[in-house]
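Asks: Structure in structure tokens, see below.
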Amino acid sequence: MMRMGMLAVAMAALAGAVKAQEAPRWSLAIHGGAGVIERANLSPEQDAAYRAALTRALEAGSAVLRSGGEALDAIQAAIEIMEDDPLFNAGRGAVFTAEGKTELDAAVMNGADLTAGAAAGLTRTRHPIAAARAIMEQSPHVMLIGEGADAFSASVGLEQVDPAFFFTERRWQGLERQLRERGDPIPTRPEGASAAGQGLASLPQPPLNERKFGTVGAVALDQSGNLAAGTSTGGMSGKRWGRVGDVPVIGAGTYASNTDGCAVSATGDGEYFIRATVARDICARMASGASGQVAGQAEVDEALALGGSGGVIVMSRDGQPAYAMTTSGMYRGAASSSEPARVAIYADEDARP
Ligand code: ASP
């Protein structure tokens with residue numbers, strides 16, 4: 001009897017372990033940028049505000065996936081929340097160019113059929129990720145830039161805003177400080193900036209030492225087994241000459257492929273991510289059998305040996321999220337059908353469900 005009882009307990013434990021290892025039906029991971037993010041640099045209010053913002057984005061994306069929605073809709077929902085949040089360097093709250101303008105880049109990729117859409121240098125489209133999606137689904141092209149990209153977005157009914165909508169005081173102060181250090185002239189504030197900034201004054205602001213971090217991204221696996229990736233950013237503070245980073249370059253900052261079994265969104269010094277084709281290479285490594293964690297870390301280490309710093313989020317076809325970074329922190333989080341939302345900021349925290 002005794003032995004039977006122990007056997008039953010052992011079998012129950014085994015069943016539990018097997019259940020815990022079952023692949024989730026859906027899974028989502030997000031990031032809000034990587035960089036020198038240390039406990040000493042974030043006030044308790046800022047720390048809490050970032051965690052709350054990441055949780056809101058995860059909830060929006062999870063709601064789509066839980067109800068059987070598409071990976072593409074989930075990443076868009078999560079990213080739009082972060083684009084509207086002044087804490088992140090995407091949409092409202094984005095960094096400024098050296099001329100004091102906001103120029104937004106975004107990309108999206110559908111792992112099911114390798115369709116992709118990207119926009120660079122948007123100045124009026126409220127949700128750059130929606131523009132990237134529309135370019136993918138409603139235009140014959142993959143990438144549109146500048147005025148033409150905004151005009152296309154408007155033509156398909158995407159919300160257009162006055163550029164002052166994107167303005168935040170903290171990012172402006174960051175730009176002024178950076179330009180002073182460089183010995184470059186300080187541009188005049190965008191028209192309507194103070195009115196736009198005032199409404200945000202009571203909200204938690206990103207730390208002032210944060211000159212470029214806060215790009216946002218999401219990767220997801222939906223219940224149909226499809227993978228998708230998306231990324232959105234204001235790029236690098238003080239950028240000049242129409243600079244475009246890795247985010248809208250498919251295969252550099254963003255990539256997804258059901259066949260390879262991966263979806264990737266990157267953040268960091270874009271010039272290096274472009275040269276190392278980071279997102280595509282991670283997928284190639286995974287197609288050859290590497291886990292998301294191993295592929296992501298190996299690629300980030302190798303790519304960033306060229307220079308710069310940053311990180312990636314990776315989703316595998318079995319719904320396992322992975323994070324890899326060379327920085328002391330990355331705003332990030334994950335949720336799945338088998339685990340509740342979990343968020344993390346510092347490199348030494350575990351955000352995997
Ligand atoms: N990768 C972005 C860019 O280079 C910036 C970032 O992720 O912080 O535009």
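Read the figures in this text as sums done on the coordinates, not as results from a lab. Predicted, not measured: the structure shown is a model, and the values here were computed from it. Methodologically, a virtual Cβ is constructed for each residue, glycine included, from the backbone with ideal geometry; neighbour enumeration extends over all protein chains shown.
Asks: Residues of region 239-256 being in contact with a Ser or Thr (Cβ under 8 Å, 6 or more places away or on another chain), under 30 Å from residue 180 (Cβ atoms) and more than 12 Å from the ligand (Cβ to nearest atom), which ones?
Replies: 240
Asks: Right, here's the next one. Show the residue pairs meeting these rules: Cβ distance below 9 Å; 6+ apart or different chains; first residue within region 35-59 and over 21 Å from residue 220 (Cα atoms); second residue among the basic types (Lys, Arg) and part of a helix (DSSP H, G or I).
Replies: Matching pairs, first to second residue: 47/39.
Asks: Further question on the same structure: Check 231, 267, 259 and return the single one that is among the polar types (S, T, N, Q) and surrounded by fewer than 21 Cβ atoms within 10 Å (Cβ to Cβ).
Replies: That would be 259, the only listed residue that is among the polar types (S, T, N, Q) and surrounded by fewer than 21 Cβ atoms within 10 Å (Cβ to Cβ).
Asks: Tell me which residues, restricted to region 143-166, are over 13 Å from residue 105 (Cα atoms) and either among the basic types (Lys, Arg) or in contact (Cβ under 8 Å) with a residue 40 or more places away in the chain (or both).
Replies: Matches in region 143-166: 163, 165, 166.
Asks: Restricting attention to helices (runs of 4 or more DSSP H) lying wholly within region 86-203, give those where 1 or more residues are buried (at least 23 other Cβ atoms within 10 Å of the Cβ).
Replies: Ranges flagged: 128-138, 146-155, 169-182.
Asks: Here's a follow-up. Kindly indicate whether residue 288 is among the hydroxyl-bearing types (Ser, Thr, Tyr) and in contact with a Gly (Cβ under 6 Å, 6 or more places away or on another chain).
Replies: Judged against the criteria, residue 288 is not a match.
Asks: Show the residue pairs meeting these rules: Cβ distance below 6 Å; 6+ apart or different chains; first residue within region 221-241 and at positive phi; second residue charged (D, E, K, R).
Replies: 235/105
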